[in-house]
1. So if R0 is 25 Å, what FRET efficiency would Asp74 and His33 give, r being the distance between their Cβ atoms, rounded to the nearest 0.05?
2. 7 Å from Cα along Cα→Cβ at both Tyr129 and Gln26: what's the point-to-point distance in nm?
3. Taking neighbour counts of Cβ atoms within 10 Å as a proxy for exposure, in what order, fewest first, do Thr24, Thr197, Thr139 appear?
4. Where does each of His116, His147 land when they are ranked from fewest to most other beta-carbon atoms within 10 angstrom?
5. From the square roots a ≥ b ≥ c of the eigenvalues of the alpha-carbon gyration tensor of the stretch 131-213, which class results: rounded (a/c under 1.5), prolate (a/b over b/c), or oblate?
6. 5 Å is the cut-off here: which amide hydrogens, built 1.01 Å from N in the peptide plane, fall below it relative to Gln35, excluding neighbours closer than 5 in sequence?
7. What order do you get for 64-73, 105-114 when each peptide is scored by the mean count of other beta carbon atoms within 10 Å, highest first?
8. Given labels modelled 7 Å from the Cα in the Cβ direction, how far is it in nm from Asp18 to Ser158?
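None of the figures in this text is laboratory data; all of them are computed from the coordinates on show. Since this is a predicted model, take the numbers as computed values, not measurements. Counting neighbours? That spans all protein chains shown, and the Cβs are built from the backbone with ideal geometry, glycine included.
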Amino acid sequence: MGGGEECSPFIFMSRARDWTHPQTHQVHWFDVHGQATISELELLAEIEDIDLDDLLDANLSSREVLFRLNKYSDLIPEAGLKQDKRRRERGPQEPPVCTICSVEGWQCQGRMTRHHFVPKWIMLELNEYERYAPRSVCTIWVCAGAHRFLHVRGDGASKSIVKYLGDEEKKMAHKLISLFREERPRIYALIAGGDKTSYEWQLIHDWRRGSFDVNGVGHKPFPRWKARTNSL
């Protein structure tokens, strides 16, 4: 057959392991001798409430994904004990509320997600990204439907995030964009003069208007010479 070999289904089954979703009760199968598939990574991102980008960068195997899913399901004794301890220490937790739908009076769609109010790709351009990386200080809770709304271009709706942020979040946004403009002026200039229907364009222009400047610190003049000479 062209030099290839057809795998026996019994060989695959001997390598396969299953995991049952605790909410949907759907059974997912994993080939524990291979690299994690996109669907497996998406499942782990949903369960652990983390960014898919982070999992893609980690180059995980299916076995590693399954191990983490089993930890979530308390199927690993030590992990279950640690989770129980963390739950006791945290006490009862209020379910997250969509920041956007609660303001607009919309009906939430899909699961709750963490939205980086300054996009993560912009934060990754900063020299001291790790300093601002904790999601507790750079994200807000939004449902999947609202998250998608923010990133859809050309629908005519405003993508301004300003009214959904508290003062501390606005201070963080002002700080991050100030650093971005100073450290990566050419990319900043491209966004500022780019697609007016994009979330990033709206974010930059809200910053230029001082919408995030809670403390009135202002900003330095734009370093145009850097935008001309610095590489992207």
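1. Values: r = 25 Å, r/R0 = 1.01.
After rounding to 0.05, the efficiency reads 0.50.
2. 3.1
3. Working: Thr24 8, Thr197 15, Thr139 19.
Arranged by neighbour count, lowest to highest, Thr24, Thr197, Thr139 become Thr24, Thr197, Thr139.
4. Numbers: His116 16, His147 19.
The order, fewest Cβ neighbours first, is His116, His147.
5. Numbers: a/c = 1.65, a/b = 1.04, b/c = 1.58.
Oblate.
6. Ser62
7. Values: 64-73: 18.6, 105-114: 14.1.
Result, highest mean Cβ count within 10 Å first: 64-73, 105-114.
8. Modelled inter-label distance: 5.2 nm.
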